[in-house]
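The structure appears below as structure tokens.
The values are calculated or read from the model by the stated rules, or taken from the named source; none is laboratory data. Computed from a predicted model, the values in this text were never measured in an experiment. Positions of Cβ are generated from backbone atoms using ideal geometry, with glycine treated the same way; all protein chains shown enter the neighbour counts. The protein model used for the area step is the full one, side chains on, heavy atoms only, and it has no ligands, DNA or RNA in it. Shrake-Rupley method; radii C 1.70, N 1.55, O 1.52, S 1.80 Å.
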Amino acid sequence: MYMKLEVTVLPVSDVDRAKAFYEQVGFRLDIDMPTSENWRAVHFTPPGSECSIMFGTGITSAAPGSAQGLYLAVSDIEEARAELVGRGIEVGEVFHDAAGLLYHGHEAGEVTHRVEGQARLAGLHPDRASYGSFATFSDPDGNGWVLQEIMERFPGR
């Protein structure tokens, strides 16, 4: 069976504020479709991505800001971070993990560690290993994004 993640829904409190933020980030606006005062869908796609985000009015009952751990793969984390900062986006400093794990917990837009021996260390992964360097940012509601540097994918990806 062939399946492909197409869209993820983000819960937001103010659709126009979220729309302005994602335009500022540099995502492509695909649609802004209001059909009534109770329903509006706004759809954006990150540059180079096949998966999009959608938010709006009447789209989800999830609490605004509750989407966490939304990963954006980038080929150069320093360049991606600098571009976002240049666009006025507040992005945390680049970091890597002490024990080299690739996956994290997420709370309020921040990466957390729940495995013994894991710790967040400042700077790039010492070997600049793919999947090893990260930076985080959040949208105005607190939906949490993680930039992850991937220069070479694992086999089969």
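If you fit an axis through the alpha-carbon atoms of helix 15-25 and take the longest principal axis of the Cα set of the chain, what angle between them do you get, 0 to 90°, nearest 10?
In the chain, helix 15-25 runs at an angle near 40 degrees to the longest axis.
Sort 60, 35 from largest to smallest accessible area, using a 1.4 Å probe on the heavy atoms of the protein chains.
Sorted descending by solvent-accessible area, the residues read 35, 60.
Could you compute how much accessible surface residue 30 exposes when probed at 1.4 Å, giving the result in Å² to the nearest 10?
About 50 Å², ignoring ligands and nucleic acids.
To the nearest 20 Debye, how big is the dipole of the chain about its Cα centre, given +1 on the beta carbon of each Lys and Arg and -1 on that of each Asp and Glu?
On the way: 12 positive and 23 negative charges, 60 e Å.
Rounded to the nearest 20 debye, it is 280 debye.
Can you work out ³J(HN,Hα) from phi for every residue in segment 4-10, in order, using Karplus 6.51 cos²θ - 1.76 cosθ + 1.60 and θ = phi - 60°, giving whole Hz and x for Gly and Pro?
9, 5, 9, 9, 10, 9, 10
Under the rule of at least 5 residues apart or a separate chain, name every residue whose amide H is placed under 5 Å from the amide H of residue 130.
151, 152
Nearest 10 degrees is fine. How inclined is helix 77-86 to the longest principal axis of the chain, computing both from alpha carbons?
Between helix and principal axis, roughly 40 degrees.
Carbon and sulfur together cover what percent of the accessible area of segment 6-70 at a 1.4 Å probe radius?
Using a 1.4 Å probe with all protein chains present, segment 6-70 comes out at 50 percent carbon and sulfur.
Give the peptides 120-128, 77-85 in descending order of average Cβ contacts within 10 Å, highest first.
Highest to lowest by the protection proxy: 77-85, 120-128.
Extending each Cα 7 Å along its Cβ direction at residue 90 and residue 129, get the distance between those two points in nm, one decimal.
Here the modelled spin labels are 3.2 nm apart.
Leaving out ligands and nucleic acids, note down the accessible area per residue over segment 1-104 with a 1.4 angstrom probe, in whole Å².
In whole numbers, segment 1-104 has 58 Å² accessible per residue.
Sort 13, 61, 49 from largest to smallest accessible area, using a 1.4 Å probe on the heavy atoms of the protein chains. Don't skip to the answer; put the middle values down first.
On the way: 13 80, 61 120, 49 45 Å².
Heavy-atom accessible area, descending, gives 61, 13, 49.
Ordering 138, 52 from largest to smallest accessible area (1.4 angstrom probe), what's the sequence?
My answer, sorted largest first, is 138, 52.
Using a basic spin-label model with each label point 7 Å from the Cα along Cα→Cβ, how many nm lie between residue 36 and residue 14?
About 2.6 nm separates the two model spin labels.
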